[in-house]
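Readers should treat all values here as calculations from the given coordinates under stated rules, not as data from a laboratory. Note that the structure is predicted; figures quoted are calculated from it, not measured. Note that each Cβ is placed from the backbone with ideal geometry, even for glycine, and that neighbours are counted across all protein chains shown.
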Amino acid sequence: MASGSYERMIQLAEESFHTSEDPSAIVVTDTLLGRLRHMHSSTVSEECDEAGPVAWVLLLPTTHELIVRFLDKSLSERQLFEATPDDATYDALYMCSALVLPEYRRRGIARRLIVDAVRSIGKDQPISELAFWPFSIEGRLLAESAARECRLPLFGRER
């Protein structure tokens, strides 16, 4: 993977989510990515061109009980990740992040990545709901569109 696109994706993540300013947010590290991939291979999805990644999506499989606590702000994003057990039966998915480089937006890439990942995880887990934490109007619209296509109820955490 070319470092230029990867670095742009990291910069875009920081600009979008301000994780360096929020100790309660999930920070993407190799360890975090490894744990997500251990939970299910489709939790981390990306689309690349010849220069590297142009879009990526992170989904956290978890439980209904933990999602309820996250939505009512009893758990932070980081606490949700830490409280989610490995090798469990997951009935909920938290859409952690979807990032697309500006020149690749409005092509349906993030939506396709999310829908494909939800369907893949749903083949192995009894996923019955989606959750998200909107950071932008576009993020809200993306989550709503993906939930409609997957025919799953969507629950959002308000800021």
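Tabulated data
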read-out	value
Full-extension gain in nm, residue 112 to residue 51, via 0.36 nm per residue minus C-alpha separation	19.9 nm
Packing-based exposure ordering (other Cβ within 10 Å, fewest first) of 104, 94	104, 94
Cα-centred dipole magnitude for the chain, charges only on beta-carbon of K, R (+1) and D, E (-1), debye, nearest 20	500
Segment 20-92 versus segment 102-137: alpha-carbon centroid distance in Å	12
Estimated distance in nm for a label pair at residue 86 and residue 140, the labels positioned 7 Å out from Cα along Cα-to-Cβ	3.8
Dmax and Rg, reported as Rg then Dmax, of segment 32-105 (C-alpha, Å)	13.9, 43
Expected-Rg normalisation [2.2 N^0.38 Å, Cα atoms] applied to the chain	0.97
Kyte-Doolittle mean at least 0.0, axial Cα span of 15 Å or more - DSSP H helices of the chain	109-124
